[in-house]
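Take a look at the structure below.
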Amino acid sequence: MNIVVVISGNGSNLQAIIDAQQAGQLKSNISGVVSNRPNAFGLERAQKAGIPTSIVDHTDFSDRESFEQSYIEAIDAYQPDWVILAGFMRILTPLFVRHYKGRMLNIHPSLLPKYPGLHTHQSAIDAGDSEHGASIHFVTEELDDGPAFLQGVVPILENDTAESLAQRVHQIEHIIYPEAIRWCEEGRLQWQETHCTLDNQIVEHPHIMTLD
């Protein structure tokens, strides 16, 4: 199975996927890493692991549609079975989403449907929540609205700041994203237009994982 990982920045989830592959926990071939930012540190992570990389700088384009068309061409050159968004900081148009419909995953730093968009850690603290975490979901045309099938949950501690909470959320992200990809490898995860199934059962509530 070919996966293409799409990034904009540090690439810590990319590194977790690389580590899982090198440890034999994943069989997928990471056929390419594509970034919209030339200085994304994730590109260095990929190159160190011997993974081909491509850059399509969004600032080189006058409109979103032409950028996305070039981005699609860069991704498709690696013949992906699945596209894995790992810190890709762009809002996607229907053109992009429809092209990879049913085979594109994203990780979002909240327990969806809570707190779509940005500043999720501070939002959870301000709301007085006792738990926070990350969700893996299929990408649909609505922002952070696709069916979530796997969540990692961490406690919110009394003295947490957005920064300290983010560090714990990153830890659980690095556990759940490789697990989700493994489900894809094994053919357990399927997109069904309005929902997704795991082991041929409709996912009514996301599977939960926690830090040991």
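Quick notes on this structure:
- Two-decimal ratio, the stretch 1-100, of alpha-carbon radius of gyration to 2.2 N^0.38 Å: 1.02
- Bridging of K27 to lysines at a Cα separation below 26 Å is possible for K48, K101, once same-chain residues fewer than 8 apart are set aside.
- Per-peptide packing, taken as the mean over residues of other Cβ atoms within 10 Å, places 123-133, 76-86 in the sequence 76-86, 123-133 from highest down.
- Cα Rg over Rh - the chain, Kirkwood: 0.95
- Cα lying deepest toward the dipole's positive end in the chain, options S135, W183, L165, charges on Cβ: W183
- Part-to-part distance (alpha-carbon centres) for the stretch 16-51 and the stretch 186-212, which is given in Å: 25 Å
- DSSP-defined beta bridges in the chain - what % are antiparallel, rounded to 5: 45 percent
- In terms of packing, defined here as the mean over residues of other Cβ atoms within 10 angstrom, the peptides 56-62, 103-109 line up highest first as 103-109, 56-62.
- Test item: Cα-centred dipole of the chain, Lys/Arg +1 and Asp/Glu -1 on Cβ, debye: 500 debye
Every number in this text was worked out from the coordinates using simple rules, so none of it is lab data. As the structure is a computational prediction, the values presented were derived from the model and not from experiment. Neighbour counts run over all protein chains shown; Cβ positions are idealised from the backbone, glycine included.
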